[in-house]
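Undergrad: Here's a structure for you.
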Amino acid sequence: VHLVESGGGLVQAGGSLRLSCTASGNINSINAMGWYRQAAGKERELVAVVSSGGGSTNYADSVKGRFTISRDNAKSTMHLQMNSLKPEDTAVYYCNADLPHFEVWGQGTLVTVSS
């Protein structure tokens, strides 16, 4: 399985961005998928996770009510709609896929929120 993120960029505080993650390879083996982020000098943290079927989601407290994770298995894609962005959301955002016995990461996409 290979994951590629897109959609990062520079946005002003209060703005919106939509991240996408496209999966290729043995996509039928993917279970849950999620978005993580890592700010400069900080550890990587979970942002949001979606179940294999897309019906169950979970969010970090810091993004609840502002971010929405979704998944389209027919198109092998996952999205993260980010609204009301804050400077503290600035980070490299990574796509993650959970497979039996291991997990796969994308290369990351940078999101910068200016104040």
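The values are calculated or read from the model by the stated rules, or taken from the named source; none is laboratory data. No experiment lies behind these values; they were computed from the predicted model shown. Here the Cβ positions follow ideal geometry from the backbone for every residue, glycine too, while neighbour counts run over all protein chains shown. Heavy atoms of the whole protein, side chains included, go into the accessibility calculation; ligands, DNA and RNA do not. Shrake-Rupley method; radii C 1.70, N 1.55, O 1.52, S 1.80 Å.
Undergrad: For G15, which sequence-distant residues (separation of 5 or more, or a different chain) have an amide H within less than 5 Å of its own amide H, given hydrogens modelled in the peptide plane?
TA: Hits under the 5 Å cutoff: L85.
Undergrad: Per residue of the range 92-101, what does 6.51 cos²θ - 1.76 cosθ + 1.60 with θ = phi - 60° give for ³J(HN,Hα)? Whole Hz please, x for Gly and Pro, Karplus curve as stated.
TA: Residue by residue, the range 92-101 yields 8, 9, 10, 8, 9, 10, 9, 10, x, 6 Hz.
Undergrad: Of all accessible surface on the range 12-107 at a 1.4 Å probe, what whole percent is carbon and sulfur? Working shown, then result.
TA: Details: 2350 of 5060 Å².
In the range 12-107, the share of accessible area belonging to carbon and sulfur is 46 percent.
Undergrad: Taking θ as phi - 60°, what are the ³J(HN,Hα) couplings along the range 17-30 by the Karplus curve (6.51, -1.76, 1.60), each to the nearest whole Hz, with x for Gly and Pro?
TA: In residue order, the calculated couplings are 9, 10, 8, 10, 10, 10, 9, 9, x, 7, 5, 5, 8, 6 Hz.
Undergrad: P(r) for the chain: what percent of alpha-carbon pairs falls in each 5 Å bin, starting at zero?
TA: 2, 13, 25, 26, 19, 10, 5, 1, 0
Undergrad: Separate question: At most 15 other Cβ atoms within 10 Å and a DSSP loop assignment: could you name the GluC sites (Glu not before Pro) in the range 6-107 that fit?
TA: On the way: sites: E43, E45, E88, E103; in loops: E43.
Here the sparse-neighbourhood loop sites are E43.
Undergrad: Could you go through the range 42-51 in sequence order and give the Karplus-derived ³J(HN,Hα) for each residue, using 6.51 cos²θ - 1.76 cosθ + 1.60 with θ = phi - 60°, rounded to whole Hz, and x for Gly and Pro?
TA: 10, 7, 5, 10, 6, 9, 7, 9, 10, 6
Undergrad: Here's another thing I want to ask about it. At most 13 other Cβ atoms within 10 Å and a DSSP loop assignment: could you name the trypsin sites (Lys or Arg not before Pro) in the range 1-64 that fit?
TA: On the way: sites: R18, R37, K42, R44, K64; in loops: K42, R44, K64.
Within the range 1-64, the qualifying trypsin sites (Lys or Arg not before Pro) (loop, at most 13 other Cβ atoms within 10 Å) are K42, K64.
Undergrad: Now for a different question. For the range 71-115 and the range 1-49, what is the centre-to-centre distance using only Cα atoms, to the nearest Å?
TA: When both Cα centres are located, 1 Å separates them.
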